[in-house]
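For reference, the structure is listed below as structure tokens.
The values are calculated or read from the model by the stated rules, or taken from the named source; none is laboratory data. No experiment lies behind these values; they were computed from the predicted model shown. So basically every Cβ, Gly included, is an ideal-geometry build from the backbone, and we count neighbours across all protein chains shown. Keep in mind that these areas ignore ligands, DNA and RNA; they rest on the heavy atoms of the full protein, side chains included. Shrake-Rupley method; radii C 1.70, N 1.55, O 1.52, S 1.80 Å.
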Amino acid sequence: MRATTRWGLAAVFLASSAARAEDVPPAPEGKLSVVPFVVPAYTPETSLLLGGAAVGVYSYPPEAGHRESQIMLAVAVTVKGQVALQLVPDVYLWNDRVQLGGVLGASRFPNVFYGLGSHTNEEDDEDYTPVGFEVGLSPKLRLLKGMYLGPDARFAYTNITETEAGGMLERGIVPGSGGGRSVEVGLAGFYDTRDSTIYPRDGHIIRVFARMARPALGSEFDYDVLSVDARKYISLPWADRHVLALQALAEIRDGAPPFYDLGLMGGDSIMRGYFRGRFRDRNYLAAQIEYRMPLFWRFGAVGFASLGQVSHTLSDVGDSPVRFAGGGGLRFAPLADVPVNLRLDIAYGDELRFYINVGEAF
């Protein structure tokens with residue numbers, strides 16, 4: 001993984017040279033829209049949550065064949081005292097030849113730590129409160145239709161302001177127990193053939209990034225991370241608007257990343273039914289399948305199942321238990337002409353949990 005950056009920079013240079021050699025026709029005229037909304041939500045990690053966001057969308061006529069650009073500013077406050085603010089751009093420039101991605105965020109997020117590894121006990125839970133911010137920037141060049149690649153950088157600072165007396169974090173025996181500074185550099189790319197970025201019914205997307213954190217870069221931690229997230233959507237032929245969605249996720253780390261940047265099993269996306277971070281370690285492998293179908297009017301339903309595991313090294317994968325989760329949910333589209341659903345999911349992993357949110361799980 002340490003040689004990944006050199007290979008990627010060569011690929012980006014070649015792509016940049018090819019892009020400069022092309023004649024770039026003038027872009028068609030687009031339309032800028034700003035959509036504000038306020039949404040209540042619920043997850044086991046946050047309890048009741050109130051979120052607000054404003055999404056700026058620059059879109060083109062369908063016949064233009066250009067991708068829409070989005071910038072989202074979101075803030076969330078929960079009854080557990082968790083506060084998060086995030087700015088996320090997904091901007092396409094130069095007739096889709098350049099994509100600008102990244103993140104700017106800050107949060108105070110009281111949470112629960114159960115220990116490291118795949119055999120932790122629920123009764124060993126300890127509360128902690130991280131306060132921090134992160135800045136990520138990932139400009140990419142188009143290599144082929146739907147395929148983008150470019151440099152990727154992330155800076156994050158976390159301060160653990162509260163820990164439980166006598167716990168592992170309070171004793172400082174876990175990497176990142178007191179927080180710290182992470183500086184990561186590397187490569188990121190994706191290949192996207194989906195028919196929609198909001199509610200895909202056909203196509204796939206594969207997102208990959210490889211980054212390294214080194215003291216020489218200013219990081220207080222020394223580690224590598226590789227992430228591959230592949231999603232496939234199949235419009236089923238026997239019924240209109242019936243969709244089969246599949247996802248496979250692999251997060252592989254080497255070195256000593258902080259405990260809050262490890263692979264975290266669970267949450268409201270993949271492995272629903274487990275508290276996010278109930279099991280955490282350097283490596284995280286998971287997969288899920290979901291069947292989506294309409295019911296009546298603007299209502300729909302889903303059924304889903306997933307499996308996943310965490311391990312310290314790849315050689316430990318065979319000795320780490322594979323855990324299963326599954327459930328079902330309802331969907332409701334508030335607006336007839338906007339394919340964004342409110343969702344209610346009920347899932348069982350280590351216990352029965354439910355989720356209320358906006359948009360599909362993946």
Worksheet item: What ranking, highest mean first, results for peptides 312-319, 72-79 when packing means the other Cβ atoms within 10 Å averaged over each residue?
Response: 72-79, 312-319
Worksheet, complete the sentence: Connecting every pair of Cα atoms under 10 Å apart in the chain and solving the GNM, the largest mean-square fluctuation among 130, 321, 139 falls on 321
Discussion item. Given the -39500 (n - 2.57) contribution per DSSP H run of 4+ residues, what per-residue ellipticity at 222 nm results for the chain, rounded to the nearest 500 deg cm²/dmol?
Written reply: -2000 deg cm²/dmol
Response to the item:
Comparing 309, 70, 288 in a Gaussian network model of the chain (Cα, 10 Å), the one with the largest mean-square fluctuation is 70
Discussion item. Using each residue's phi in segment 303-318, evaluate 6.51 cos²θ - 1.76 cosθ + 1.60 at θ = phi - 60° and report the 3J(HN,Hα) Karplus result to the nearest Hz, with x for Gly and Pro.
Written reply: x, 9, 8, 8, 9, x, 7, 10, 8, 6, 10, 5, 5, 8, 4, x
Worksheet item: So for the chain, taking the charge dipole from beta-carbon charges (+1 Lys/Arg, -1 Asp/Glu), which of 159, 53, 133 sits furthest toward the positive end?
Response: 53
Fill in: log₁₀ of I(q)/I(0) at q = 0.22, 0.24 Å⁻¹ - segment 115-194, Debye sum with one point per alpha carbon
-0.97, -1.06
Item to complete: Return the Cα extents of segment 79-139 along principal axes one, two and three, sorted largest first, each rounded to a whole Å.
Response: 55, 28, 16
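At 1.4 Å probe size, with every protein chain present, just tell me what the per residue accessible area of the chain comes to in Å².
Ligands and nucleic acids excluded, the figure is 49 Å² per residue.
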Discussion item. Can I get the semi-axes of the chain's equivalent ellipsoid? Compute them from the C-alpha gyration tensor as square roots of 5 times the eigenvalues, in angstrom, largest first.
Written reply: 32, 28, 20
Item to complete: Return the carbon/sulfur percentage of the accessible area of the chain, one whole number, probe 1.4 Å, all protein chains in place.
Response: 63
Worksheet item: What size of dipole, in debye to the nearest 20, comes out for segment 27-123 about its Cα centre when the only charges are +1 on Lys and Arg C-beta atoms and -1 on Asp and Glu C-beta atoms?
Response: 240
Response to the item:
If unit charges are put on Cβ atoms (+1 for Lys and Arg, -1 for Asp and Glu) and the dipole of the chain is taken about its Cα centre, the option from 175, 271, 89 lying farthest towards the positive end turns out to be 89
Worksheet item: Once phi is turned into θ = phi - 60°, what whole-Hz ³J(HN,Hα) does the Karplus curve with 6.51, -1.76 and 1.60 give for every residue of segment 321-330, x standing for Gly and Pro?
Response: x, 8, 9, 10, 8, x, x, x, x, 10
Worksheet item: Hey, got the dipole for the chain? About the Cα centre, +1 on K and R Cβ, -1 on D and E Cβ, debye to the nearest 20?
Response: 900
Worksheet, complete the sentence: Around residue 162 (Cβ within 12 Å, Cβ-to-Cβ, excluding residue 162; K/R +1, D/E -1) the net charge comes to -3
Worksheet, complete the sentence: Here, trypsin sites (Lys or Arg not before Pro) of segment 179-266 satisfying both criteria (DSSP loop; at most 15 other Cβ within 10 Å) are 241
Worksheet item: Among residues other than residue 39 whose Cβ falls under 14 Å from its Cβ, what is the net charge (Lys/Arg +1, Asp/Glu -1)?
Response: 0
